[in-house]
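The values are calculated or read from the model by the stated rules, or taken from the named source; none is laboratory data. Values in this document were obtained by computation on a predicted structure and should not be read as measured data. Quick note on the areas: whole protein, heavy atoms, side chains included, nothing else; ligands and nucleic acids left out. Shrake-Rupley method; radii C 1.70, N 1.55, O 1.52, S 1.80 Å.
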Amino acid sequence: MARTLPYQRLMNPPSESVVPSPCVGVCRMNGVTGCCEGCQRTIDEIALWSQMTGRDKLAVWKALPQRCIKLPPPDA
């Protein structure tokens, strides 16, 4: 059975008016990328999430797949 990686759900951003957090419960900041290793958000995006508009949240969601591409594969 194939393993589902936490960031794989980031490939399909939501399109609803209520935009959920991309947090997957793996909260570790990567010193190289400056992004969380679980959700790929920056520390500023994480801190400001509850204050962001739906449009701003969707913009973050849409940026996440490109951030994942830049990360080394898990267990590398």
Inset, instruction - Amide H neighbours of M29 under 5 Å, at least 5 residues apart or on other chains, H built in the peptide plane: list them. - result: E37
Legend entry - Area of W61 that stays accessible when all protein chains are in place (1.4 Å probe, Å², to 10): 10
